[in-house]
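The values are calculated or read from the model by the stated rules, or taken from the named source; none is laboratory data. In this text, all values refer to a predicted model and were calculated from it rather than measured experimentally. Neighbour counts are summed over all protein chains in view; Cβ atoms, including those assigned to glycine, are modelled from backbone coordinates with ideal geometry. Each accessible area value is taken on the protein alone, full model and side chains, heavy atoms only, with ligands, DNA and RNA left out. Shrake-Rupley method; radii C 1.70, N 1.55, O 1.52, S 1.80 Å.
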Amino acid sequence: MRLSRYFMPTLREAPSDAQIVSHQLMLRAGMIRQEAAGIYAWLPLGLKVLKKIEQIVREEMDRAGAVEVLMPTLQLADLWRESGRYDDYGEEMLRIKDRHERDLLYGPTAEEVITDIFRAYVKSYRDLPKNLYNIQWKFRDERRPRFGVMRGREFLMKDAYSFDVDEAAARRAYNRMFLAYLNVYSRLGLKAIPVRADTGPIGGDLSHEFIILAETGESEVFAHRDLVEMGAPGPDIDWDGDLQPLVEQRTRLYAASDEMHDPARFEAEAPEDKRMTARGIEVGHIFYFGEKYSKPMKALVAGPDGVERPVHMGSYGVGVSRLVGAIIEASHDDSGIIWPDSVAPFGAAVVNLRVGDAAVDAVAEQAYRALQAAGKEPLLDDRDERPGAKFASLDLVGVPWQLIVGPKGVADGVVEIKRRATGERQSLPLDEAIKVICA
Ligand code: 5CA
């Protein structure tokens, strides 16, 4: 992408109502624009990051055996009357009437819709297990939308729903999602702690939240430090095998969100030097709720004995748009955002320090094409701007590598590369510079 043709409206200063660093940086980097309270337009740079996160979530869901669908944002109120949640959900639900005076709503979640889809087609235990997910916009009319995309009213969620013949099978589905979530966050460069959680309006009796640590987080967490240090299981586990030991390894150590915290148990289960109390951001929430929706909505499957019974369900949410802010909270410095390579909007930026100088233009162009050919999705800074302004905006938007082409280097046969995260610089011939960036 040539920056001269791109749309990256960076700002020198963040609007004063942006209270936390990720919100400030997203506005300054020209990633989002607020259209109404808690409702944002995603500008090109923000959209690129959002799509990369979405793709990582998708790949890890697919790996764990889930299948993607796309459900509508607008849902029929009648489905929510069947489950009994229409009246309970309260003010957070955006209720809409169509021209025929039918009650619709903008989905805050999709248990009812997916249960309706499931019951239309699946009738036998032989067709189980199933796990269906979608990545779709949700709307919750939050009382206090704030912190930018972190607590929006309209936000992008990955929501998966598992269907199993009995509780034991449903727990296996839960385990797959539990471990897949850890892999998602690890690929995003985040350390997420699974904590026991309250089930809230989704319901059920088994639930974990996934929290990443950040001072500005809205959740309080209490956890054993060994859990905080424990790595993700990695993609190569046997997804059809017994995952219980891997899950237990991570659930036997104390970890709870504030609603579930039990100080006496914390003290008993974690020695003092291992007790961590911190603030964090909830980036995922998984639930096992058994027959809560399948029973009232009559999503029945016949078991091996031929007897019909309500299918056992769980639901699994990732806050995809919230993750954009969460990653920035976890990874920035005074100059701006530091994207992990896995979600960076551009892999590298070629900085032309003297646009219009034929020799410099030629090397910059060559570098740009080489990075393009290597699949690095480069950005070419071909703006007619002072070098200082170019570096400031590229540091702000957090491109992981800068490849700097100036007249002196070109005369000496070298370019300079800078790693955004460390500030480390090296002067190298162009082909070696490309190799380092692509390593
Ligand atoms: N149906 C279940 C799981 S599929 C569900 O809705 N769970 S949830 O309510 O916990 O939401 C899932 C995730 O969406 C949360 O962990 C959080 O990361 C994200 N999320 C929830 N509300 C918002 C919001 N207002 N703004 C941004 N992200 C949100």
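When you go through (1) within 16 Å of the ligand (Cβ to nearest atom); (2) in contact (Cβ under 8 Å) with a residue 12 or more places away in the chain one by one for Gly200, which number turns out not to apply?
In the conditions (1) within 16 Å of the ligand (Cβ to nearest atom); (2) in contact (Cβ under 8 Å) with a residue 12 or more places away in the chain, Gly200 misses (2) alone.
Of the numbered conditions (1) more than 30 Å from Ser16 (Cα to Cα); (2) touching a residue at least 60 places away in the same chain (Cβ under 8 Å); (3) open to solvent by 50 Å² or more (accessible area, probe 1.4 Å); (4) more than 10 Å from the ligand (Cβ to nearest atom), Gly189 fails exactly one; give the number of that condition.
Result: Gly189 fails condition (1) only.
When you scan the range 423-439, how many residues do you find that are of a type outside the set (D, E, K, R) and under 30 Å from the mean Cα position of the chain (by Cα)?
6
Look at Ala77 and say whether it is of a type in the set (Gly, Ala, Ser), out of contact with any Asp or Glu (no Cβ under 7 Å at 6 or more places or on another chain) and away from the ligand (no atom under 15 Å from the Cβ).
Taking the combined requirement at face value, the residue does not satisfy it.
Take the residues of the range 6-48 that are among the β-branched types (Val, Ile, Thr) and within 16 Å of the ligand (Cβ to nearest atom): which is most open to solvent (accessible area, probe 1.4 Å)?
So the residue we want is Ile39.
So which residues in the range 139-160 are part of a strand (DSSP E or B) and within 7 Å of the ligand (Cβ to nearest atom)?
Across the range 139-160, the qualifying residues are Arg151, Phe155, Met157, Asp159, Ala160.
Is one or more of the residues making up the range 36-48 touching a helix residue (DSSP H, G or I) at 6+ places or on another chain (Cβ under 8 Å), among the aromatic types (Phe, Trp, Tyr) and farther than 30 Å from Met297 by Cα?
Yes, that holds for at least one residue.
Return only the number of the condition from (1) open to solvent by 10 Å² or more (accessible area, probe 1.4 Å); (2) within 16 Å of the ligand (Cβ to nearest atom) that Gly347 does not satisfy.
(2)
Can you tell me which residue within the range 192-237, out of those that are within 21 Å of the chain's Cα centre (by Cα), under 30 Å from Lys295 (Cα atoms) and hydrophobic (A, V, I, L, M, F, W, C), is surrounded by the fewest Cβ atoms within 10 Å (Cβ to Cβ)?
Ile202
Restricting the search to the range 117-138, which residues are outside any strand (DSSP E or B) and either more than 16 Å from the ligand (Cβ to nearest atom) or open to solvent by 40 Å² or more (accessible area, probe 1.4 Å) (or both)?
Across the range 117-138, the qualifying residues are Ile117, Arg119, Ala120, Tyr121, Val122, Lys123, Tyr125, Arg126, Asp127, Leu128, Pro129.
Do the conditions hold for Ile212, that is, is it closer than 22 Å to Ala326 by Cα and either touching a strand residue (DSSP E or B) at 6+ places or on another chain (Cβ under 9 Å) or away from the ligand (no atom under 16 Å from the Cβ) (or both)?
Judged against the criteria, Ile212 is a match.
In the range 142-152, which residues are touching an Asp or Glu at 6+ places or on another chain (Cβ under 7 Å) and open to solvent by 50 Å² or more (accessible area, probe 1.4 Å)?
The one that is touching an Asp or Glu at 6+ places or on another chain (Cβ under 7 Å) and open to solvent by 50 Å² or more (accessible area, probe 1.4 Å): Arg151.
Here are some residues: Met260, Met313. Which one is within 16 Å of the ligand (Cβ to nearest atom) and closer than 15 Å to Arg196 by Cα?
After applying the criteria, what remains is Met260.
I'd like to check something: does the range 408-415 contain any residue that is surrounded by 19 or more Cβ atoms within 10 Å (Cβ to Cβ) and in contact with a helix residue (DSSP H, G or I) (Cβ under 6 Å, 6 or more places away or on another chain)?
yes
Considering only the range 363-380, state which residues are open to solvent by 10 Å² or more (accessible area, probe 1.4 Å) and either modelled with pLDDT under 95 or over 32 Å from the mean Cα position of the chain (by Cα) (or both).
Passing the criteria: Val363, Glu365, Gln366.
Got a sec? Which strands (runs of 3 or more DSSP E) wholly within the range 1-113 have at least 2 residues that are within 25 Å of the chain's Cα centre (by Cα) and over 30 Å from Arg176 (Cα atoms)?
32-36, 39-42
Find all pairs meeting these conditions: Cβ atoms under 7 angstrom apart; at least six residues apart or on different chains; first residue within the range 51-78 and at positive phi; second residue in a helix (DSSP H, G or I) and modelled with pLDDT of 95 or more.
Note: pairs meeting the criteria are Gly65/Arg176.
Quick check on the range 161-186: of everything there that is in a strand (DSSP E or B) and more than 19 Å from the chain's Cα centre (by Cα), which residue is nearest to the ligand (Cβ to nearest atom)?
Ser162
From the residues in the range 300-315 that are part of a strand (DSSP E or B) and not charged (D, E, K, R), which one is surrounded by the fewest Cβ atoms within 10 Å (Cβ to Cβ)?
Restricting to residues being part of a strand (DSSP E or B) and not charged (D, E, K, R), the top hit is Ala302.
Applying the selection to the range 316-344, what residues are within 16 Å of the ligand (Cβ to nearest atom), open to solvent by 10 Å² or more (accessible area, probe 1.4 Å) and in a strand (DSSP E or B)?
Passing the criteria: Gly317, Gly319.
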